[in-house]
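> This is the structure I have questions about; it appears just below.
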Amino acid sequence: MSVVIWHNPRCSKSRQTLALLEEAGHAPEVRLYLKDGPSAAEVDALQAALGLPLSAMMRVKDAAFKEAGLNAESAEADLRAALLANPVLLERPIVVVGEKAAIGRPPEQVLTLF
């Protein structure tokens, strides 16, 4: 079973989620999305796997969100463009197992994928 974690090593929740996966016996592929930003197709696939609106997979409280001129009323196209230009806006961590995904907030949330 393929397990991928969209990971930011500077984020405590992301580190906790990675440790939780490893403790549960999983060896996830670690996607350092800040170094290797997502493509539009990957954003679409993550959104489909999460089953959430784009805004729910973004760090809406992050200063970069407001600096990008975004708010709760922003159009999906504007959110997508901002996320592609600023991968830091992606909520973290996101764990993908097959065609399903979960945001690790709290970290234990990702265990529902197994």
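The values are calculated or read from the model by the stated rules, or taken from the named source; none is laboratory data. Note that the structure is predicted; figures quoted are calculated from it, not measured. Neighbour counts are summed over all protein chains in view; Cβ atoms, including those assigned to glycine, are modelled from backbone coordinates with ideal geometry.
> May I ask you to verify whether LEU34 is farther than 18 Å from LYS100 by Cβ and either in contact with a Ser or Thr (Cβ under 6 Å, 6 or more places away or on another chain) or assigned to a loop (DSSP other than H, G, I, E, B) (or both)?
For LEU34, the condition - farther than 18 Å from LYS100 by Cβ and either in contact with a Ser or Thr (Cβ under 6 Å, 6 or more places away or on another chain) or assigned to a loop (DSSP other than H, G, I, E, B) (or both) - is met.
> Quick check on segment 87-101. Is at least one of its residues more than 21 Å from LYS35 (Cβ to Cβ), in a helix (DSSP H, G or I) and touching a residue at least 24 places away in the same chain (Cβ under 8 Å)?
no
> Restricting to segment 102-114, count the residues that are among the small types (Gly, Ala, Ser) and either at pLDDT below 95 or closer than 18 Å to LEU34 by Cβ (or both).
1
Matching residues to (1) assigned to a helix (DSSP H, G or I); (2) aliphatic (A, V, I, L, M):
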{"site": "ILE5", "(1), (2)": "no, yes"}
{"site": "PRO38", "(1), (2)": "no, no"}
{"site": "VAL60", "(1), (2)": "no, yes"}
{"site": "ALA64", "(1), (2)": "yes, yes"}
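> SER55 versus (1) buried (at least 19 other Cβ atoms within 10 Å of the Cβ); (2) touching a residue at least 24 places away in the same chain (Cβ under 8 Å): which is the lone unmet condition?
(1)
> Six or more apart or on different chains, Cβ under 7 Å: which pairs go from a residue in segment 27-38 that's in contact (Cβ under 8 Å) with a residue 40 or more places away in the chain to one that's in a loop (DSSP other than H, G, I, E, B) and not small (Gly, Ala, Ser)? Could you list them?
That search, which allows pairs on different chains as well, returns LEU34/ASN8.
> If you check ALA49 against the conditions, is it at pLDDT below 95 and not in a loop (DSSP other than H, G, I, E, B)?
Judged against the criteria, ALA49 is not a match.
> Continuing with the same structure: Output yes when any residue across segment 37-48 is closer than 15 Å to VAL4 by Cα, among the charged types (D, E, K, R) and under 14 Å from the mean Cα position of the chain (by Cα), and no when none is.
So far as segment 37-48 goes, yes, one or more of its residues are closer than 15 Å to VAL4 by Cα, among the charged types (D, E, K, R) and under 14 Å from the mean Cα position of the chain (by Cα).
> State all residues of segment 19-45 that are under 17 Å from LEU113 (Cα atoms), surrounded by 17 or more Cβ atoms within 10 Å (Cβ to Cβ) and touching a strand residue (DSSP E or B) at 6+ places or on another chain (Cβ under 6 Å); if no residue qualifies, say none.
HIS26, PRO28
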